[in-house]
Every structure is written in C-alpha cells, then in structure tokens.
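Inspection log for the structure reproduced underneath, given as structure tokens.
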Amino acid sequence: MAAACGAARESSSGRTLNTAQIPLVASHPEVYEPCDDSFALVDALLSDKAQLLALQPRLCMEVGCGSGYVITSLAIMLRQLASGTQYLATDINKHAAETTQATLEAHGVHADVMVTDIVSGLEKRLAGMVDVVVINPPYVPTPEEEIGCKGIASSWAGGLNGRQVIDRILPAVREILSERGWLYMVTLEDNDPLDICHLMSEMGYASRVVLKRCTEEESLFVLKFWRDPHTATNASPKSPKSESWFSQLPFKSLWHKGS
C-alpha cells in the first residue's frame, strides 16, 4: 500500500460529498490511514451508487475496516434508503476497530464493529446473508513471515505476490455473500487481477473492473464480483441479476470500547 495519507477529499465547491471527512476521523499510529487505495475503493462505490441504491442492500460489510473511512462512506452514500440497511465491519487489529467506531460516530452513522480475522466465528451466522462486501485487503508482496503481524503491518502484508491473504479472503466471502451479493475489492497489478477473476469464475462469479488507477507507486484495480450461474471459467463480465430472497439478520456488536 502507498504511504499513509490523511487529507480530506473535496469537491470543487469545497465540500466533501458522499464520503467520510478525514479531519473528523480518529487516528492511531497502528492503524492504516486512508490513502490512494481507500480513495479508489470509495470512488468505485460512488460510480456504482445508482446500482447500489437500486439493489437496496439489507446488510453491507467491510472486511479489514482500518480507519473506518470506507464503511462510513458507504453508509453515508446509502443512508437515503428507507429500508434500514445494516452495516458490519471487521478487523484483526483492535486499534482499527476502535478507530472505525470513532469514525462512524463522528459522521452519525452506525455499524457493528468486530475484532476478528476476516470473518472468523461469523461464517454460520452470515452464510448467504451479506448483500455488499467491500475489501481493501493486505495486497503488498512481502516475506511470508510478515503475514499475521500485529498492528499496522496487518493492513498491508500480503505475502507471496501479495496474494496469501487475498486467497484466504475469497472463499470466506463466497460463503457469506447472498445470492444477489456484490463484492468490491482493491487489487494491485502484482496480485494478477486476471487470475483472481478466473478463480472467482470457477466459483460461479462474473466480474468486471470498476476502476483502474495508477499512482506514483502502484497500479490499482477495483474489481466487482457477483454470482452468475452461467459464468464459465473465464473473467468475461456479465450483467448481475438483482432479484433474490433475503432474510434480515439482527446483530449485536461483539466489540465494545475498552475491550
């Protein structure tokens, strides 16, 4: 991941629209601050805002919430929905959970924030229930021994080709996505996005690149996946289907201040 950035992103009128305002975000030295990859993911969601509103998701989730910038921005984006969308965020770093909670509160939106590795312990409760999953995963190629490190290193250490954590995330997310569910995920060119799309197609998911962004340090892709029973073992994009059953899942947060 790029070096941490803390600036707010503003419109030409000087107001930040549809996204969390970074000056209001609590910070911690062991929590990754929003930067180019975070902004790319939120921009991809903004580009899909009309489709997200039409989907009327009942449960949205961020895996690896960090500062809370993405899940907060998503909640702000969709809060015009009157359907009572619920939000859930997880992170293995307890400081990230605390920072995400503070970010949510600063913007007047709510999500249940849980300290866990990806979705560990939640698989059965969430199976087939989540309509939108957003992930800015640890994608930086690093030595394997850096994976699982405590603190801020957990936000970027991706192991061989930056894929070792991503390859754990994909099957876990497949289990929790609803039949109409969408996954948005940031990848790096070194991660081989085409191969990721191929792997997901083998699981029955179509895909497309929502956004590509080149920075001074990296080439980023935001990929979108959705279930498609007609998907062959390739990454050819197809139109997602929007109708499906969904049962609302009530949550009680497993994380509390001071835990």
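The values are calculated or read from the model by the stated rules, or taken from the named source; none is laboratory data. Just so it is clear, the model here is predicted, and its values are computed rather than measured. Using ideal geometry, Cβ is built from the backbone for each residue, glycine included, and neighbour counts are taken over all protein chains shown. What goes into the accessible areas is simple: the full protein's heavy atoms, side chains included, and nothing from ligands, DNA or RNA. Shrake-Rupley method; radii C 1.70, N 1.55, O 1.52, S 1.80 Å.
Note on Gln56 and Glu179: the model spin-label points, each 7 Å out from Cα along the C-beta direction, lie 1.7 nm apart. With a simple spin-label model that places each label point 7 Å from the Cα along the Cα-to-Cβ direction, the separation between Asp192 and Lys94 comes to 3.8 nm.
Judged by the gyration tensor of its Cα atoms, with axes a ≥ b ≥ c, segment 31-101 is oblate; a/c meets the 1.5 cut and b/c is at least as large as a/b. Ordered by 1.4 Å accessible area with all protein chains kept, Ser219, Ser201 run largest first as Ser219, Ser201. Within the full protein context, the accessible area of His110 is estimated at about 120 Å² for a probe radius of 1.4 Å. Over 28 Å apart at the Cα level, from the set Lys94/Lys124; Lys124/Lys224; Lys94/Lys212, are Lys94/Lys212.
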